[in-house]
Amino acid sequence: MTNSISRSIPVALTIAGSDSGGGAGIQADLRTFAFHCVHGTSAITCVTAQNTLGVTRVDALPVEAVIAQIEAVRSDIGVQAAKTGMLLNPSIIAAVAQQVKDYPFANLVVDPVMVSRTGAQLIDDEAIAILREQLIPQATLVTPNRYEAQILSGLLIQSLDDMRAAAQRIYQQVGVPILIKGGGLSGAARGVDIWFDGKRYETLKTTTVETPHTHGTGCTLAAAIAAQLALGQDLFPAIQLAKTYVTQALQHALALGQGTGPVGHFFPLLLHEE
Ligand SMILES: Nc1ncnc2c1ncn2[C@@H]1O[C@H](COP(=O)(O)OP(=O)(O)O)[C@@H](O)[C@H]1O
Ligand SMILES: Cc1ncc(COP(=O)(O)O)c(N)n1
């Protein structure tokens, strides 16, 4: 007789940077996968020294180390959905794009991390070009924030109509479904996202959460979409469910540190303390 239970479980892979403060990047992605009962695996691209006030140092991993992590997971464990986050430099982006070309994932969510919420560019122009030309066209979905969508489209974004125009422009370039995230907008458009798949637009709106603690929202949304895809959801329902999750996590954001705290990924476990 055995007292162990073995079960199969969907697997998701995050290819992203580490956030020492635990709010974004790999740390947010793995918590999000766990929330969805999806086994989380990871390929770390870089290590950031980061807290709620900002990033003080970034160390890239060697390209070979990034690819070895992806291969180790892919060749043995298998991956139902992958997501990319901070890929940092041209050589890592090009190598990940080549890996994805050689061994396509069933589902790939590309969060094109280029610009922080404060508008600071995080990767250089060459890296942006490789992301646009080599990786994004292979995605199941690309999820730029307001500033990233501005860079990809060349359009200024101040309203939902601007987001729709930018989504169409980016679609023309990369040919994959796009979700432009509106966390960086102000007023009624804050927290409203625009989806375009080449045929139809959808406006995704839940409630605007009045909190300063929004660190990790973009990573969390993309990871939740990947988790839903790993669970077998179709793309648009996966996005709707992920949007609901990130809203709930924002409603239970954590007031940690002196700056922008992280969202509360495991909010059901916090409820009994409220
Ligand atoms: N204050 C907020 N209220 C509701 N939703 C928000 C808020 N801030 C961000 N979001 C949502 O969080 C998700 C991530 O968006 P965003 O914060 O723009 O991404 P990023 O972290 O990449 O800049 C989107 O679904 C966005 O609408
Ligand atoms: C390692 C790492 N990856 C990504 C982000 C962006 O975070 P956000 O989800 O707030 O856009 C970050 N701050 N650090």
Problem set entry | Charge context of VAL109, other residues only, Cβ under 13 angstrom, K/R +1, D/E -1 | 0
Exercise. Given a 1.4 Å probe and the protein chains all in place, what does the accessible area of ARG31 round to, in Å² to the nearest 10?
Worked result: 80
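With all protein chains present and a 1.4 Å probe, how do ASP102, ASP197, ASP59 order by accessible area, largest first? Before the final figure, lay out the partial values.
Values: ASP102 90, ASP197 35, ASP59 65 Å².
The ranking, largest first, comes out as ASP102, ASP59, ASP197.
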Exercise. Sequence-distant or interchain residues sharing an amide H contact under 5 Å with ALA82, placed H: which?
Worked result: LEU13, ASN107, LEU108, VAL109
Exercise. Under a straight-distance cross-link criterion of Cα-Cα below 21 Å, which lysines are reachable from LYS205, leaving out those fewer than 8 residues away in the same chain?
Worked result: LYS181, LYS243
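Calculate, for the chain, the solvent-accessible area per residue in square angstrom, rolling a 1.4 angstrom probe over the heavy atoms of the protein chains. Intermediate values should be presented prior to the final figure.
Working: 12130 Å² over 274 residues.
Result: 44 Å² per residue.
Give the ranking of HIS39, HIS265 by solvent-accessible surface, highest area first, calculated with a 1.4 Å probe. Provide the component values of the computation, followed by the final result.
Values: HIS39 80, HIS265 0 Å².
Descending accessible area places them as HIS39, HIS265.
Ranked by accessible surface with a 1.4 Å probe, highest first, in what order do ILE9, ILE15, ILE130, ILE44 come? Spell out each step's value before the answer.
Numbers: ILE9 80, ILE15 0, ILE130 25, ILE44 45 Å².
Putting ILE9, ILE15, ILE130, ILE44 in descending order of accessible area: ILE9, ILE44, ILE130, ILE15.
Let me know the shape class of the chain, please: from the alpha-carbon gyration tensor, a ≥ b ≥ c as square roots of the eigenvalues, rounded when a/c is under 1.5, otherwise prolate if a/b is greater than b/c, or oblate. Numbers along the way, then the final one.
Values: a/c = 1.29, a/b = 1.08, b/c = 1.19.
The shape class here is rounded.
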Exercise. Roughly to the nearest percent, how much of the accessible area of the chain is carbon and sulfur, given a 1.4 Å probe?
Worked result: 53
Problem set entry | In sequence order, calculated HN-Hα J values of region 209-226 (Karplus, 6.51, -1.76, 1.60; Hz; x Gly/Pro) | 9, 7, 9, x, 8, 10, 5, x, 4, x, 4, 5, 4, 5, 5, 5, 5, 4
For this session: Can you find, among ILE239, LEU221, GLN138, the residue farthest towards the positive end of the dipole of the chain? Put +1 on the C-beta of Lys and Arg, -1 on that of Asp and Glu.
Result: ILE239
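What is the diffusion coefficient of region 92-142 in µm²/s, taking the Kirkwood radius over Cα pairs and the Stokes-Einstein relation at 20 °C with a viscosity of 1.002 mPa s?
Values: Rh = 11.5 Å.
For these conditions, the coefficient is 187 µm²/s.
The values are calculated or read from the model by the stated rules, or taken from the named source; none is laboratory data. Keep in mind that what you see is a predicted model, and the values were worked out from it rather than measured. Heads up, the Cβs are rebuilt from the backbone with ideal geometry, glycines too, and the neighbour counts pull from every protein chain shown. When the accessible area is computed, the model is the full protein with side chains, heavy atoms only, and any ligands, DNA or RNA have been set aside. Shrake-Rupley method; radii C 1.70, N 1.55, O 1.52, S 1.80 Å.
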